[in-house]
Amino acid sequence: MDPVRAYFEYRAEFDAALRTVLESGSYILGEQVAAFERSFSAWCGVPAAIAVANGTDALHLALRTLGIGTGDLVLTVSHTAVATVAAIELAGAAPMLIDVDADTYTIDPQKLEDSIVATRRRPRHGVPKAVIAVHLYGHPADLGALRDICARHELHLIEDCAQAHGASEGGRRVGTGASAAAFSFYPTKNLPAFGDAGAVLFASKDLDDRGRALREYGWRRRFISDFPGMNTRLDELQAALLNVRLRHLDQEVARRQATAARYDAELDGELIVPVVRTGCEHAYHLYVVRTPHRDTLRENLQSRGIGTSIHYPMPVHRQPAYSGRVPHGEGGLQVTEDIAGQIVSLPMHPFLSSEEVSAVTEAVRMWSRARAAS
Ligand SMILES: *Cc1c(COP(=O)(O)O)cnc(C)c1O
């Protein structure tokens, strides 16, 4: 990731946008935020979006708007950014962590359904109310199966789209087929701000109205709280910068996909490359490969000046804040445990040059040959 490259790429547009805001005298929830909400919702293909302060707040606000809180159980994955699980507890609900599918790294629908059935039979941790599906790395979770499970068990489905701007399933963009969806525009995400920002989409006008009031103290009229709310407003500077960046998003996702296609073609066989489920479009927020020899691969690439990372080195259920406290679902978390020691994220962003991609694939192949010879 190399966030500053985007600034130099579109510098004139960003500078003009900043000047417009600074000269306007309106700095929070003004015209730029309203314009971003219109253009982002149109890009997603839904009637409305609520811009908020960050992706964690977006999930928190989605849960609270759906009436989920104390005594409720929300099922999600351990193999995710900790924000997904933190947001559940911020809303006052209890998380239950479900294993992921070994190919797509997204929630395993069978283990999810088994867990719902088991907790309904013996409600020890809370009443199941919602599922948060994380489209991890930019690959859609199995939304068809998840919608079906949530409908049968009368649960809300919430999509964590923080890594998946531009991903789709069956031609439909992620974030548009559930009770609610949360996006993050953190500076390294597919649609990045130059600071914190996020957004929420809801399935109905009523939920949108309630979520919009919840964003600012429960206000529908200024200074009058209809119910207790949050403060998770977005500022005009970030919205203006996002308006610029959104104009380039489709092209940037296409560039990520082109880089991924080259990695796929040149690295398949050396490493386990990402799987794309039939009918899905992967947005490649991250290009994550798997190898049992991850650490030597990382050292080797580092020695050639190629940075890599691990998303994520420690599953949520192993982290000090959660370990021994947060329950896991039926079938355990074996896949989550297994992949945590093998995954590695290769360089991926829209401005990688062809030479940079070649340098990565050559370095991986040389490492692989040296390993085979030793
Ligand atoms: C980044 C991220 C979030 C949280 O977004 P912030 O804007 O950092 O609060 C939530 N879920 C996932 C999967 C993420 O990658």
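The values are calculated or read from the model by the stated rules, or taken from the named source; none is laboratory data. Everything numeric in this text was worked out from a predicted model, so none of it was measured. Methodologically, a virtual Cβ is constructed for each residue, glycine included, from the backbone with ideal geometry; neighbour enumeration extends over all protein chains shown. Calculation scope for accessible area: heavy atoms of the full protein, side chains included, ligands and nucleic acids excluded. Shrake-Rupley method; radii C 1.70, N 1.55, O 1.52, S 1.80 Å.
Where does the chain land at 222 nm, in deg cm²/dmol rounded to the nearest 500, when only DSSP H runs of n ≥ 4 count, each adding -39500 (n - 2.57), divided by all residues?
Here the helix-only value at 222 nm equals -13000 deg cm²/dmol.
At a 10 angstrom cut-off on C-beta neighbours, averaged per residue, how do the peptides 97-108, 176-187, 264-275 rank from highest to lowest?
176-187, 97-108, 264-275
Taking H as built 1.01 Å from N, whose amide H comes closer than 5 Å to the amide H of H156, not counting residues under 5 places away?
A130, V131
Dividing the alpha-carbon radius of gyration of region 181-248 by 2.2 N^0.38 Å (N being the number of residues), what value is obtained?
Compared with the compact-globule rule of thumb, region 181-248 sits at 1.24.
Let me cross-check E23: its accessible surface, 1.4 Å probe, with only protein heavy atoms counted, in Å² to the nearest 10?
130 Å²
From zero up to wherever the largest Cα-Cα distance of region 6-61 sits, split into 10 Å bins and tell me the percent of pairs in each.
Percent of Cα pairs in each bin: 20, 38, 38, 4.
Across bins of 10 angstrom width beginning at 0, how are the C-alpha pair distances of region 218-374 distributed, in whole percent?
Per 10 Å bin, starting at zero, the Cα-Cα P(r) for region 218-374 comes out as 9, 27, 26, 23, 11, 4, 1, 0 percent.
Report the one residue of F227, Y263, L242 whose Cα lies farthest in the direction of the positive end of the charge dipole of the chain (charges on C-beta: Lys and Arg +1, Asp and Glu -1; origin at the Cα centre).
Projecting each Cα onto the dipole axis, the largest value belongs to F227.
Give, in whole angstrom and from largest to smallest, the semi-axes √(5λ) of the equivalent ellipsoid of the chain, with λ running over the eigenvalues of the Cα gyration tensor.
Output for the chain: semi-axes of 33, 29, 16 Å.
Hey, what did the chain get for relative contact order, percent, Cα under 8 Å, at least 6 apart?
21 percent
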